Amino acid sequence: MRLKRLHIRYYPPGIFLDYEKGGKLRTKSIDLLNLTPETDVNELLSDIRAAEPLITSSCVEQVKVLICKLQEKVGQKDERKFYLFRALQAHILPLTNVAFNKSGSSFITGSYDRTCKIWDTASGEELHTLEGHKNVVYAIAFNNPYGDRVATGSFDKTCKLWSAETGKCFYTFRGHTAEIVCLAFNPQSTLVATGSMDTTAKLWDVGSGEEVSTLAGHFAEIISLSFNTTGDRLVTGSFDHTAILWDVPSGRKVHVLTGHRGEISCVQFNWDCSLIATASLDKTCKVWDANNGQCLATLLGHNDEVLDVCFNYTGQLIATASADGTSRVFSAETFQSLCQLEGHNGEISKVCFNPQGSRVLTASVDKMARVWCVNTGVCLQVLEGHSDEIFSCAFNYEGDTIITGSKDNTCRIWH
């Protein structure tokens, strides 16, 4: 094994190692999820050297420089305010979802008007309209980190794979017998997973357009799915009150996560693949051990359905969004509630962290999005201007741009 190159990853903090093995170029990463401005760099460096044979004395100084750069980034104060940059008359019917590519240079919007559109973030110009679906385009995703493919899942029971550069459709994935409501690319961008109201999930080959496997085991609609960071596991959440963990290479069921007393609304892995969070209409969120399928904690406090859940980039925090009009932030280590985000006048359908983990963004039926401080629970900003419910919101990778998508047929870019 020979080290070829080192490069930095800001969110979550880490270092990529490009190395040669058996004549092939490979990449591995050193995750520094617990890095703080106070971390002793020399101590961390000796721990890394002890654990990673590719880090030899010849490159120690370079690694040290990268760690210091990461420390600097982690320690940056976030005083940013967001202002409306563009309100885009995006579609002729309400939007369903919005998503950024990895660099944040472009984003996509899905709509009830049966199209998905690709937009340039810097100018607000429409780059492509992806036309061909015969019903609502509900689930959309870029194949991040590459960003050269877009997948769209529709109520017409198909998923389509498109070129993000040209807007051309590569494949139409046919096989589901009911609406597709969720989808995701695996991190390697070799597979697309689709979840459907027909109670199954399917894995599709991005290269050939063929179906790889059908994941059958739920007894009701699959409403959410998530790959882990390594791409060897997929979790699906269903209206049958359970989540199922699947082995991706074999398509086999690994664990059934049972315990919720209502439909699952959202499922998520944390970064290091050790935890799964599930949100449910039973007013709770549960955290599970991804290795043995055991429930580690039930996150209580909401007095209505929990509609969304997410981890921050490092996996140390969990945020929930509820129909009770509040959002909560929990510790993923102690499972204690750290703060309650109160201020919306209606259910919150979407919640996400900025990459730095210092802010939470919420989208609500009250036509507003809000930016909150994670440490204090204080609302820092109300993003006003939509004339109807906001269904979807997202931060870009740098955390300096927000998009919101609404039932008012528009999306807004905030800088």
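The values are calculated or read from the model by the stated rules, or taken from the named source; none is laboratory data. Remember, it's a predicted structure, so these values are computed and weren't measured experimentally. Here Cβ is always computed from backbone atoms with ideal geometry, including for glycine, and neighbour counts include all displayed protein chains. Just the protein is used for accessible areas: all its heavy atoms, side chains included, with ligands, DNA and RNA removed. Shrake-Rupley method; radii C 1.70, N 1.55, O 1.52, S 1.80 Å.
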- Note on the structure: Within the set ALA151, ALA220, ALA99, GNM on the chain using Cα springs under 10 Å gives the largest fluctuation to ALA220
- Message: Between GLU211, GLU384, GLU72, where does the largest GNM mean-square fluctuation fall for the chain, given springs only between Cα atoms within less than 10 Å?
- Response: GLU72
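Largest first and in whole Å, what are the equivalent-ellipsoid semi-axes of the chain based on the Cα gyration tensor, each being the root of 5 times an eigenvalue?
Details: eigenvalues 192, 133, 111 Å².
Calculated on Cα positions only, the semi-axes equal 31, 26, 24 Å.
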- Excluding same-chain residues fewer than 8 positions from LYS160, which lysines have a Cα within less than 17 Å of its Cα? LYS117, LYS134, LYS168, LYS202
- Message: For THR96, what residues show an amide H to amide H distance below 5 Å, using hydrogens built from the backbone and excluding near sequence neighbours?
- Response: GLY110, SER111, TYR112
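Before I look further, what does region 196-352 give for accessible area per residue, probe 1.4 Å, in whole square angstrom? Numbers along the way, then the final one.
Values: 5860 Å² over 157 residues.
Per-residue value: 37 Å².
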- Message: Ignoring ligands, DNA and RNA, please state the percent of accessible area on the chain from carbon and sulfur, probe 1.4 Å.
- Response: 46 percent
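May I ask you to order 173-183, 232-242 by the average number of other C-beta atoms within 10 Å around their residues, highest value first? Could you put the intermediate results ahead of the total?
On the way: 173-183: 19.5, 232-242: 22.6.
With the highest mean Cβ count within 10 Å placed first, the list reads 232-242, 173-183.
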- Burial ranking of peptide ranges 392-398, 370-376, 164-170 (average Cβ count within 10 Å, highest at the top): 392-398, 370-376, 164-170
- Pairs beyond 19 Å (Cα-Cα), from LYS64/LYS102; LYS286/LYS350; LYS367/LYS407; LYS4/LYS28; LYS28/LYS77: LYS64/LYS102; LYS28/LYS77
- Task: Per residue of region 393-401, in order, report the coupling 6.51 cos²θ - 1.76 cosθ + 1.60 (Karplus, θ = phi - 60°) as ³J(HN,Hα) in whole Hz, putting x for Gly and Pro.
- Result: 7, 7, 8, 7, 5, 7, x, 10, 9
- Query: With the chain treated as a Gaussian network of Cα nodes joined by springs under 10 Å, which of PHE16, PHE82, PHE185 yields the largest mean-square fluctuation?
  - Reply: PHE16
- From phi via Karplus (6.51, -1.76, 1.60), per-residue ³J(HN,Hα) for region 289-306 in Hz, x at Gly/Pro: 6, 6, 7, 10, x, 7, 7, 8, 6, 10, 8, 9, x, 6, 10, 8, 3, 8
- Item | Shape of region 353-410, Cα gyration tensor, a/c cut at 1.5 | oblate
- Message: When 1/r is averaged over all different Cα pairs and the result inverted, which Kirkwood radius in Å belongs to region 95-182?
- Response: 12.6 Å
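For the peptides 52-58, 62-68, 212-218, what is the packing order when you average, over each peptide's residues, the other Cβ atoms within 10 Å and list the highest mean first? Each step should come with its number before you reach the end.
Values: 52-58: 12.4, 62-68: 16.6, 212-218: 18.4.
Packing order, densest peptide first, comes out as 212-218, 62-68, 52-58.
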